[in-house]
Every structure is written in structure tokens, then in C-alpha cells.
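Everything on this sheet refers to the single structure shown next.
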Amino acid sequence: HSVFDMSPPYGSLVPYGEPSWYRGDHDSPYYNQSHRDWRDRCRKFVEYEIIPYVKEWEEAKKVPLDVYKKLYKAGLTPCVVGERGFDFADPSVAPKPKGYDVFHELILLDELSRCGSGGVVGGLVVGYSIGLTPVMNFARPSVRDRVVPACLRGEEFISLAVTEPQTGSDVASIRATAKLSADGKHYIVNGEKKWITNGIFSDYFTTAVRTGPEGMSGISVLLVPKGPGVTVRQMDCQGVWSSGTTFVEFNDVKVPVENLLGKENEGFKVIMYNFNHERWGFVVQAVRFSRLLYEVSFKYAQKRKTFGKTLIEHPVIRWKLAEMARQIEGAQGWMESLTHQMCTMPPKQAVLMLGGPLALCKAHCTKMFEYCAREASQIFGGNAYTRSGLGEVVERLYRDVRALAIPGGSEEIMLDLAVRQANGQYKMAMAGKL
């Protein structure tokens, strides 16, 4: 495949309605035939197994559990937790893509996001990507080898439980406690967790608890099974209805000491290890959601007439569409550049060097998502204010904006983090330490 290969465009015929490498007259150094084959597999699944049911699942506020088994059998679930996920998959599952890299995961998340629902995407992948990944990376082999395959198969479910009623982006201030039992065989967990995605149907909670002094040096992470003392209550939120956002209470919950992830009082490292990956996931969703809002707006502008003209014939509407496309194309390039660094940079170095850029990119992309949702609403007018009909996708995504802008670090926290890291790197460079 070369830049001179004028193959037909893939997917939407709307200019800028798909990433540039989908277009037949564009080439990219990031993607090869393996990525194109994987894209085909992902799109087929989303078109037939997800998109027709999005409204039904959102209104029901849950994704049917059998969908997770279908996702697994299609060989898509393991990709959500990275290449190692395929090591825990059954031989009967569709195989790992050849030459697997992070761009395969980007393609999966991007294609899933075409469904136009943050709730459905969150319901399908968040438990795996942020709840199961720490188990895969930090659990004892006996725990890992039991929990990871069962979750990937869709037989059991997991969620990340860090956020509390009084503690969001300030992770070091969590209050939930875990105290060692008298016989030293269990941790006794007490506390509350809030806004826990997938929590309502989870069998396990990857839980941040306080086992030591105040601050980050007193935090541990436990894999808490759902059992006596664990109470869950689904929350009624503005958006992402089908993601299973949950309030969780732990009352004297006994957790085997074997379920400690990493070392005691070193849980902050466990949490931080996956933060870049979590924020990158929000970036991918925000870019595709923005692109989808642009695409449906462009199509609507071809048909809707005002004052004897279609909307696309009005300069003000063309300006809105151009602004959306301009931001989306720029964000796509930034996202792909950072994804390339995730492919090539050693993991420990990536945790340090990509934290600031990914934080900045997340803030940029969620602001763009909010902008595109607003402009799409303006183009659709009253049709964007109803939960069905022509503007259904626009109405739903507008409600989902905050669920990307706040979790994983609010825009304010992300912007501050990026500049604090930049300032630290500048001082080190000036001192000749870089």
C-alpha cells in the first residue's frame, strides 16, 4: 500500500467523517495491512452487534451481559487490556492481530465509539481497561490467572474503585480504610466509593484503600470480591446511562491478603501506572465522538432548508463545520503522535515523559468534544433537544461530555499537571540533568 494507491475511501463518504488514513488517497506511516484487517473486524462487530441496539441499551441503562461474551469470542476484549490480554484468551477466540501494537487498541476504541454513546462504550470496556489491567500487572500469579481469564470471557466483571464522595482528582486524600485482621490473613475494608463505572454488575472491585499514614505513601490497592459487606447502588447521572455508574459501600468486608496488588502502602504507584492509558482512552473517545458529531451535522446540513436554502449553503453553517473539522483533524494527529510514543517508549519512561502531554491532550480533546456537541446542537436546532429522531445522537453525546471531561482528571487538573511537569523538566534541563 503506497501513497499512490488510489483505493476507494473506507466508511463514511463525508470528507473528514473518518480519520485521514481511511480515505483512499491518503497514506499514513502509523498503519499497515494488519491495522486495516483489524479495522474491518472491529467495524463489522460494531455495525451488527452494537449500533442497532444503542438506544435500547441506553434507555434500559445497561448493556446485556451476553454482549460481553460476543465481544470476547470476536477476539476484541483481550485488546482492551493490551497485548498481554491475548495470553489469557482461549485458543477458540479469534486470534491476535499480526504485529500487534497500541494502534490496534486505538482502532478498537475508535470503532466502538462510532456507536455514539459514551455509556455503551464505557459499559463495554472501562472495567477491563482500568479495573482489570492493574490485576494483570500487579496481582499474584494465582489471583491473576484465576480472575483475568474469567473477566475476559464475560463470566465475571470488574471495576476500578478509587473515587470517593469527598475525593476525586486528589487521589492521595482517599479515606476508605483496610486494616489487617488479628490473624493476619485478611484486610478488613470500610469506606465508600462513588461514580464507579461498571460497579453495579461487578464481581470484583480494584479498590484504593488507606493502609498507612495520610497522603500517597499510605495507599494500597486491593482486589475486593463482591460479597458480605459490599453494597452497590446504581446512580442516576446526566449521561453515560448504560455504563453502570455506581455508589459502593464497604462495611467490614474481609479481603484475603493474597488480593493485595503490588506492595502495601505502594498502591499509588499501581494507580498511577495506568493513568496515562486511562487518559489516552478518553482522548480516543473524544476525538471519534467529535468526528461523529461533525459527520451527522454535515449530512443534516445537506437536507435541512431554511430561507429557501439548504443549511450547507449558508456561510455561517459552513464556518461551524469547518471549525469542527479543523479541531478534529488536529486532535487526530496529536493523538496518533502520542500513540506512536506509547508504542516505542519503554513503559517506565512513558509514565514519566508522557504524563504531561497526555494530560494536555485529554483537556484539549474534551474541550473540543464539548465544542462540537454545542455546534452540532446549534445546527440541528430543536431536533437536538429530543431523545429520539434526527438529533438523537447529538442529544445523547451532549449529555455525555462531562463524563469524559471530569473522570481521569478534570480539565483543570490536567492543564495544571501538564505545566507543572513542563516546569520541572525545564528546571532539570537548565541544570544539565536531562
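Each value in this text was obtained by applying a stated rule to the coordinates, not by laboratory testing. Because the structure is a prediction, the values reported are computed rather than measured. Don't worry about glycine lacking a Cβ; one is built from the backbone with ideal geometry, like all the others, and counts go over all protein chains shown.
Listing for the model above:
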| item | result |
| --- | --- |
| Net charge over other residues, Cβ less than 11 angstrom from the Cβ of ILE328 (K, R count +1; D, E count -1) | -1 |
| The chain: most fluctuating residue of LYS185, LYS362, LYS73 per GNM, C-alpha cutoff 10 Å | LYS185 |
| As computed over region 158-265, the Cα convex hull volume per residue (Å³) | 91 |
| Cross-link reach list, aspartates and glutamates versus LYS185, counting only Cα pairs under 13 Å and skipping chain neighbours closer than eight places | GLU258 |
| Förster-model FRET efficiency, 45 Å R0, ASP203 and HIS26, C-beta, rounded to 0.05 | 0.55 |
| 222 nm mean residue ellipticity, helices alone, for the chain (DSSP H n ≥ 4; -39,500 (n - 2.57); rounded to 500) | -15000 deg cm²/dmol |
| When each of LYS320/LYS362; LYS62/LYS263; LYS309/LYS367; LYS69/LYS269; LYS254/LYS348 is checked by Cα-Cα distance, pairs over 28 Å | LYS62/LYS263; LYS309/LYS367; LYS69/LYS269; LYS254/LYS348 |
| Highest-fluctuation residue, SER220, SER92, SER129 considered, GNM on the chain with Cα pairs under 10 Å | SER92 |
| Förster-model FRET efficiency, 22 Å R0, CYS343 and ARG146, C-beta, rounded to 0.05 | 0.15 |
| Rel. contact order, % - alpha carbon contacts under 8 angstrom, at least six apart, region 136-241 | 24 |
| Relative contact order (percent, whole number), the chain, Cα cutoff 8 Å, 6+ residue spacing | 15 |
| Cα-based shape type of region 274-430, given that a ≥ b ≥ c are square roots of the gyration tensor eigenvalues and the cut on a/c is 1.5 | prolate |
| Residues of type lysines that LYS73 reaches as a straight line, Cα spacing below 19 Å, ignoring anything fewer than 8 places off in the same chain | LYS44, LYS96, LYS98 |
| Antiparallel content of DSSP bridges confined to the chain, in %, to 5 | 85 |
| Amide H within-cut-off set for ALA161, under 5 Å, with H built and near neighbours excluded | THR206, THR207, ALA208 |
| Rounded, prolate or oblate (a/c below 1.5 giving rounded, otherwise prolate when a/b exceeds b/c) for the chain by Cα gyration tensor | prolate |
| Potential lengthening between LYS70 and ARG318 on full extension [0.36 nm per residue; Cα-Cα distance subtracted] | 85.2 nm |
| Segment TYR385-LYS44, extension gain: residue separation times 0.36 nm, minus the distance between their alpha carbons | 119.7 nm |
| Residues of region 13-41 with amide N under 11 Å of the 7 Å Cα→Cβ point at GLU329 | 15-17, 20 |
| Span-rule helices in the chain, defined as complete DSSP H runs reaching 20 Å or more along the axis (Cα) with Kyte mean at least -1.0 | 275-303, 315-344, 355-380, 411-430 |
| Percent RCO, i.e. relative contact order, over region 20-151, from Cα pairs under 8 Å lying at least 6 residues apart | 29 |
| Distance between region 164-180 and region 29-74 - C-alpha centres, whole angstrom | 35 |
